[in-house]
1. Evaluate the distance, in nm, between pseudo-label points positioned 7 Å from the Cα of Met12 and of Arg97 along their respective Cα→Cβ axes.
2. If you roll a 1.4 Å probe over segment 57-151 with all protein chains in place, what percent of the accessible area is carbon or sulfur?
3. Which order do peptides 118-125, 57-64 fall in by mean Cβ count within 10 Å, highest first?
4. Leaving out ligands and nucleic acids, note down the accessible area per residue over segment 1-105 with a 1.4 angstrom probe, in whole Å².
5. Quick one: which residues, 5+ away or cross-chain, put their amide H under 5 Å from the amide H of Leu95? H built at 1.01 Å from N.
6. What number, in nm² with one decimal, is the all-direction average of the projected area of the convex hull of the alpha-carbon atoms of the chain?
7. Looking at segment 1-149, what % of its DSSP beta bridges pair antiparallel, to the nearest 5?
8. Do any chymotrypsin sites (Phe, Trp or Tyr not before Pro) in segment 1-88 lie in a loop, going by DSSP, with at most 13 other beta-carbon atoms within 10 Å of their beta carbon, and if so which?
Amino acid sequence: MTFRTHMDAALMQAQAAADRGEVPVGALIVSPDGDVIAASGNRTRELNDPTAHAEILVIRAACEMLGQERLTGFDLYVTLEPCPMCAAAISNARLARLYYGASDPKSGGVAQGPRVFSHAQCHHAPEVYDGLSASASEDLLKSFFAQKRGG
């Protein structure tokens, strides 16, 4: 089977989040067959919910759709390195693979900061592939925050 990235679709979700005034992060859950079964962008402001990160929203949607709490064999695509909260959710959901775009030196929890998947307490660590569409992800974030600062 040939690898097919879904980062363009994740970037579309990130742009939609930016258009709503949310931090532009987009995420998708992809089935073992390669079908996108859940897609979202950040909605923390819209839902007044600090846990409404794109990753959490797509994990919740996929689990609800499938009627199960685990996503064994499924992949997560996200435009920004997951924070520690999202990394823990990814582990608990038993996702097979994590693909992400931009690294997050300030708030990341995978390759930065606490490195959640490296801890002995981590019950499951997905395969991690970073840097997919990193420039496009970074540009979207930089543009969003530059606009917020008025420049």
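1. Distance between label points: 2.0 nm.
2. 50
3. The densest-packed peptide leads the list: 57-64, 118-125.
4. Averaged over the residues of segment 1-105, the accessible area is 44 Å².
5. Leu71
6. 8.8
7. 55
8. Loop-located and lightly packed - Phe3.
The values are calculated or read from the model by the stated rules, or taken from the named source; none is laboratory data. Quick caveat: nothing in here was measured; it's all calculated off a predicted structure. Ideal geometry is used to build each Cβ from the backbone, glycine not excepted, and the neighbour counts take in all protein chains shown. For the accessible areas, the whole protein counts, side chains as well, though only heavy atoms, and no ligand, DNA or RNA atoms are used. Shrake-Rupley method; radii C 1.70, N 1.55, O 1.52, S 1.80 Å.
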